Amino acid sequence: MSRAAKSELLHDGMLVGIYGGSFDPVHRAHRHVAQTALKRLDLDRVWWMVSPGNPLKAHAPASLESRANAIRALMPEPGHVVSTLEDRLHTRATIDLIGHLQSRYPRVSFVWIMGADGLANFHRWKDWQAIARRISICVIARPGSAMKARLSPAARYLARARKHDSRAKSLPLGNPPGWTYLTEPLHAEASRLLRANAAS
């Protein structure tokens, strides 16, 4: 078994955050989201799920391998695992990924991690209401996204399921739907700006 495959093994009773995205390119704001979730939710592991491509974005991403390697370079600390499972499952749909993980690891407690910008667009995801019924969600504040996220269709739809941030550690063990919004010192770095700088 390869080193990468071994790192993806999960054990009964683990608390695991799933952080999905194209990460094109990965940057310090992504690192901030993952580290905040790991600490505030007291997770055993954060799984970075590198998507083959985001169906909501028009531009084609860099190669899957290059993006995965960039995350590994940015996140060498224990507790962070980079996975290309979505590509191996031949899917870009989060609902399919969650179904696979929960079926394969029924005794692992999963929570979905996203930045506030993700919550603002969550209602555009395939079967987003079903996702919320299947897995708890941790939203991390991102620069410029707070108001849009909190007033988004998904935030309004899930308003009664929101947990106060003081109860964040109970989120992975709770029954969905359930979500929390965590605020930490922010990083304003944005993928769009990095791509623009690289192009110039």
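Any read-out appearing in this document is the output of simple, stated calculations on the displayed coordinates, not a laboratory observation. Keep in mind that this is a model prediction, so the values were computed, not measured. Glycine also receives a Cβ, built like all others from the backbone with ideal geometry; neighbour counts cover every protein chain displayed.
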Report summary line: Quarter of the surface of the C-alpha convex hull for the chain, i.e. direction-averaged projected area in nm², equals 10.8
Query raised in the report: In nm, to one decimal, how far is the modelled label at His123 from the one at Ser103, with both set 7 Å along Cα→Cβ?
Result: 3.1
Report task. Return Leu97, Leu119, Leu151 ranked ascending by Cβ neighbour count within 10 Å, so the fewest neighbours appear first. Result -> Leu151, Leu97, Leu119
Query raised in the report: What is the extension gain from His11 to Ser66, computed as 0.36 nm multiplied by their sequence separation minus the C-alpha to C-alpha distance, in nm to one decimal?
Result: 16.9 nm
Report summary line: At the level of C-alpha centres, the distance separating region 64-122 and region 14-34, in angstrom, is 8
Query raised in the report: Which residue, Thr91, Thr36, Thr180, tops the fluctuation ranking in a GNM of the chain built on C-alpha contacts under 10 Å?
Result: Thr91
Query raised in the report: Exposure proxy check: Ser152, Ser66 ranked by fewest other beta carbons within 10 Å?
Result: Ser66, Ser152
Query - Partner lysines for Lys126 [C-alpha distance under 17 Å; skip if fewer than 8 residues away on the same chain] - result: Lys57
Query raised in the report: For region 90-105, what does the Karplus curve 6.51 cos²θ - 1.76 cosθ + 1.60, with θ = phi - 60°, yield as ³J(HN,Hα) per residue in whole Hz, taken in order and with x for Gly and Pro?
Result: 6, 9, 10, 8, 4, 4, 5, 4, 5, x, 5, 5, 5, 6, 6, 10
Query raised in the report: trypsin sites (Lys or Arg not before Pro), restricted to region 56-144: which are DSSP loop and have at most 10 other Cβ atoms within 10 Å?
Result: Arg107
Report task. Treat every Asp and Glu Cβ in the chain as -1 and every Lys and Arg Cβ as +1, leave all other atoms uncharged, and give the resulting dipole magnitude about the Cα centre to the nearest 20 debye. Result -> 460
Query raised in the report: What ranking do Tyr181, Tyr105 get, fewest neighbouring Cβ atoms within 10 angstrom at the top?
Result: Tyr105, Tyr181
